[in-house]
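These notes concern the structure reproduced below.
The values are calculated or read from the model by the stated rules, or taken from the named source; none is laboratory data. Just so it is clear, the structure is predicted and the values come from calculations on it, not from any experiment. All Cβ positions, glycine included, derive from the backbone under ideal geometry; neighbour counts span all protein chains shown. Side chains are part of the model used for accessible areas, which takes the heavy atoms of the whole protein and leaves out ligands, DNA and RNA. Shrake-Rupley method; radii C 1.70, N 1.55, O 1.52, S 1.80 Å.
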Amino acid sequence: MDNHECDEWEQLYRSGDMPWEKGYAAPPLLEWLDLHGPLTGDIIVPGCGYGHDVRAIAARSRNANVVGFDISPTAIAEARRFPKIGNESYQVRDLLDLSNDLYSTFDWAVEHTCFCVLSPEHRCDYVTRVASLLRSDGLLLAIFFLYPWDPGEMPEAGGPPFGVTPDELNRLFGSRFQVIEEIHPKTAYPGRQGKELIRLLRKHQTV
Ligand SMILES: C[S@@+](CC[C@H](N)C(=O)[O-])C[C@H]1O[C@@H](n2cnc3c(N)ncnc32)[C@H](O)[C@@H]1O
């Protein structure tokens, strides 16, 4: 990601222009955790913003090591202001420019509204980076925002957030991940009902 795009996220946080910031964790994530139980091991949450999802995972998995990261220093500073709830921490990082100290370090990656804000030209890179963070056999729990825009409301550039179809997801993730489970969540933030898809993906062992 170039400096201009980094600065844009930082400016949005500094100016308080954050329509995605709801003050609580993503309902589909909570729904999935209620169904399946806590995550375990080392967990990474890219593009975590204020870290509500990070803390929701940490609260249910007291022994898990949950790391949230974001390109915006202001978002990470705000995330760190919340009372510690478990074994969670936050870092300023650019997913598209990761240093290799994080490679093959995590058992789980949790995606929620990071993939959708990257311009489509960066999507293959996203898949490669997230796969590189995971250990062999690692799991990606993803809440994909399929249809962010109502008819007639999509900006000329298409986003962000940029929508995606299940077929596009198959094509993008297929070479690195196998789909283990797919759920249409029953719960959502207001305005997102019926627009999201949960997928649990396992990293191919060969990667
Ligand atoms: C729509 S917000 C969602 C934040 C958080 N997931 C939430 O739901 O509250 C997208 C987030 O991705 C972060 N982001 C964008 N590009 C990124 C990148 N290349 N690496 C890390 N974070 C990035 C932004 O700073 C922003 O916090």
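With just the Cα atoms of the chain, tell me how far they stretch along each of the three principal axes, in Å, largest first.
43, 39, 34
To make sure I understand the rule: partners must be lysines, Cα under 27 Å from the Cα of K195, and not fewer than 8 residues away in the same chain. Which ones qualify?
Cross-link targets: K22, K186, K203.
Solvent-accessible area per residue for the chain at a 1.4 Å probe radius, Å²?
In whole numbers, the chain has 48 Å² accessible per residue.
Which loop-located GluC sites (Glu not before Pro) does segment 89-182 contain, where loop means any DSSP state but H, G, I, E or B and the Cβ has at most 12 other Cβ atoms within 10 Å?
Filter output for segment 89-182: E153, E156.
Estimate the FRET efficiency between L98 and E168 by the formula 1/(1 + (r/R0)^6), using the beta-carbon distance for r and 30 Å for R0, to the nearest 0.05.
0.80
For segment 152-163, what does the Karplus curve 6.51 cos²θ - 1.76 cosθ + 1.60, with θ = phi - 60°, yield as ³J(HN,Hα) per residue in whole Hz, taken in order and with x for Gly and Pro?
So the Karplus estimates, Gly and Pro as x, are x, 9, 5, x, 4, 6, x, x, x, x, 9, x Hz.
Of the beta bridges DSSP finds with both residues in segment 86-207, what % are antiparallel, to the nearest 5?
Of those bridges, close to 70 percent are antiparallel.
Ranking request for peptides 92-100, 25-33, 50-58, 124-132: highest mean number of other beta-carbon atoms within 10 Å first, then the rest in descending order.
Highest mean packing first, the order is 50-58, 25-33, 124-132, 92-100.
How big is segment 39-103 along each principal axis, measuring the range of its Cα positions in Å and listing the largest first?
30, 25, 13
Work from the charge dipole of the chain (Cβ charges, +1 for Lys and Arg, -1 for Asp and Glu, about the Cα centre) and give the residue of L169, G37, L200 farthest towards its positive end.
Selected residue: G37.
Can you give me the % of accessible surface on the chain that is carbon or sulfur? Probe 1.4 Å, all protein chains present, nothing else counted.
The C+S portion of the solvent-accessible surface of the chain is 50 percent.
What size of dipole, in debye to the nearest 20, comes out for segment 89-165 about its Cα centre when the only charges are +1 on Lys and Arg C-beta atoms and -1 on Asp and Glu C-beta atoms?
Result for segment 89-165 is approximately 200 debye, rounded to the nearest 20.
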